[in-house]
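The values are calculated or read from the model by the stated rules, or taken from the named source; none is laboratory data. A quick note: this is a predicted structure, and the numbers were derived from the prediction, not measured. Glycine also receives a Cβ, built like all others from the backbone with ideal geometry; neighbour counts cover every protein chain displayed.
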């Protein structure tokens, strides 16, 4: 995996409350490479296809809930 894909940039976003000069009134978002995002999706789909999860362990599976 190329190093350029792993680079990200953290951008501070103002929360629209409080003093704009105070760093605690900002939250950070991380901007990733588009190529890295695509690569993560490909890997996630492959892992989800291959994973064997018991019926009792689906709390964080897409489309499932703990109340089923």
By residue number, the members of segment 10-56 that are modelled with pLDDT under 80 and over 21 Å from the mean Cα position of the chain (by Cα) are 52, 53, 54, 55, 56
If you check every pair at least six apart or on different chains, which have Cβ atoms under 6 Å apart with a residue in segment 20-47 that is closer than 25 Å to residue 1 by Cα first and a residue that is assigned to a helix (DSSP H, G or I) and modelled with pLDDT under 90 second?
33/5; 35/5; 36/5
Take the residues of segment 7-39 that are in contact with a strand residue (DSSP E or B) (Cβ under 9 Å, 6 or more places away or on another chain) and part of a helix (DSSP H, G or I): which is surrounded by the most Cβ atoms within 10 Å (Cβ to Cβ)?
36
